[in-house]
1. Looking only at region 424-438, which residues are more than 18 Å from L251 (Cα to Cα) and surrounded by 24 or more Cβ atoms within 10 Å (Cβ to Cβ)?
2. Scan region 152-196 residue by residue and report those that are more than 30 Å from A108 (Cβ to Cβ) and among the acidic types (D, E).
3. When you look at G355, is it within 22 Å of M211 (Cβ to Cβ), within 17 Å of the chain's Cα centre (by Cα) and not aliphatic (A, V, I, L, M), yes or no?
4. Does any residue in region 135-152 that is in contact (Cβ under 8 Å) with a residue 40 or more places away in the chain and loosely packed, with under 11 Cβ neighbours inside 10 Å come within less than 8 Å, Cβ to Cβ, of a residue that is in a strand (DSSP E or B) and not aliphatic (A, V, I, L, M) six or more places away or on a different chain, and which pairs are these?
5. Considering each residue of region 78-110, count those that are surrounded by 18 or more Cβ atoms within 10 Å (Cβ to Cβ) and either part of a helix (DSSP H, G or I) or free of Cβ contacts under 8 Å to residues at least 24 places away in the same chain (or both), and give that number.
6. Modelled with pLDDT of 95 or more, part of a loop (DSSP other than H, G, I, E, B) and not assigned by TED's automatic domain parsing to the domain that holds A397: which single residue out of P136, P125 fits that description?
7. Please state which one of E199, E204 is in contact with a strand residue (DSSP E or B) (Cβ under 9 Å, 6 or more places away or on another chain), more than 30 Å from R317 (Cβ to Cβ), among the acidic types (D, E) and in contact (Cβ under 8 Å) with a residue 60 or more places away in the chain.
8. Of the residues A438, A455, A477, which single one is more than 21 Å from the chain's Cα centre (by Cα) and at pLDDT 95 or above?
Amino acid sequence: MDLKLASGRPAEFECDALVLIETEGGRRAELSAAFGDLYESGEISGKTLEFTLLYVSGGFAARRVLVAGAGKAEKIDPAGIQKIFGAAVRHLKDKGVKSVGIVLDGAASGPAFVEAAARGILAGPWEPDALKTPKPGAKAIGSATIVVEQITDELQAAFEKGRVIGEAVNLTRDIAVEPPNTLTPLAMAERARAVAEAEGLSFEVLDRDRMAQLGMGALLGVAQGSLQPPVMIVMKYTPAGGGTSSDHLGLIGKAVTFDTGGISIKPSDGMEKMKYDMCGGAAVIGAMQAIARLKPSVAVTGVIPSVENMPGANAQRPSDIVKSYAGKTIEVLNTDAEGRLILVDAIEYAKRDLGCTHLVNAATLTGAIVVALGFISSGVFTNNDEFLARFMEASKAATEKMWHMPLDDDYSEQLKCVYADIQNISGGRWGGACTAAAFLKEFVGDTPWVHIDCAGTAWIDDAKPHLAKGPVGIPLATFVNLALNWK
């Protein structure tokens, strides 16, 4: 979709459909005279995500007007605007609409709203159907324009940021929805390579032999049951002139392209969803594209450890002991706790070899976080409250919901082991998201670090009014905001 920003009077904007927001109890002056009866009957009520499509014969250059309910005026915020306009374009896309005008006015006209609108408009029409045979005469919206009263430098910058993030989110979703027979670890490396080459990023892939030379036994142990070779993908953005900070932000994304659980095999019911276990890595690839285009003043490196976890003849066994790149030995009590194993080797590589001074990792790591937080918020763990505060500020601006979870030393106590330095799961079933984070923490050391467990938020099983079923792109926007706001 071609997305633009324009200024002018909404009534004079020519398009197939013009989208106007209406609040509860409100009555837009330009609609009141011709459609007062619809207000009186309650057909136009302004309730959140209520849509009324009007065929207009005069007063508008547009052929149709879609009235989009925004709820109570005092509760309008960027997150709501993102959903409203995402839902609006989804509502219109099957109605033969080729061009859409999106009007931002009144309380919803500032930079944050323009950014949110751009993201919502781009995310809304996306579908997970790239491999379906196209239907003859399939309909699609070709262009959308955000219409504001006057374009300022601030609004233009917000629009560009929203557009870049929206495009990156859709790239992330395109990667994440691929089936595991085509999106192998090597194929994921090629997706990352294409982005790096297009955006001028430094790029490197560590293959199995190189990781074996380095001693990445934790990652290689997970991969040994699969015929698909593992990779460690590295994408680096360097700001012009070295930037304004000596810090180096590392973004690490878990990328298990398919997770059977290995020898500790998962139940067959729902296993098909486990292609989503690389959503953290896909979000890092998308974030690096956005970062390359938006050019923050801090160096950012994306590290994506990618494997397939299979129960092959050479698969890792419960009770195997592996040696991590950090030198610590790990007893593998459950081969389905594999994400933390590949992450610790990536964390050590980011610290020791790449020189990252601050780390954020994203992973669809535990079902336990879904038990704790459901499908609404991602769980966030940290070893540094100051860094956490910066991260949470970035996530709030990104409209991605995060919740700070505990990481007391008591959780680490549950990982003590008789036969190795540490075991990869705790002895009990409770607090699994916290003990998984505690495992990672043992390898982070003093480096400021945030861990995002997005197992419940990276994918939606049912379509929403503003989003298709499938990958969501979380936490890409938070990654980008964190880099852009670096101080």
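1. Of everything in region 424-438, those that are more than 18 Å from L251 (Cα to Cα) and surrounded by 24 or more Cβ atoms within 10 Å (Cβ to Cβ) turn out to be N424, A433, C434, T435, A436, A438.
2. E178, E190
3. Spelling it out, it is not the case that G355 is within 22 Å of M211 (Cβ to Cβ), within 17 Å of the chain's Cα centre (by Cα) and not aliphatic (A, V, I, L, M).
4. Q150/S7
5. Total meeting the criteria: 15.
6. P125
7. Result of the check over E199, E204: E199.
8. Step by step, each of A438, A455, A477 is checked, and only A438 is more than 21 Å from the chain's Cα centre (by Cα) and at pLDDT 95 or above.
The values are calculated or read from the model by the stated rules, or taken from the named source; none is laboratory data. What you see is a predicted model, and the numbers here were worked out from it, not measured in a lab. Glycine gets a Cβ as well: all are built from the backbone with ideal geometry, and neighbour counts include every protein chain shown.
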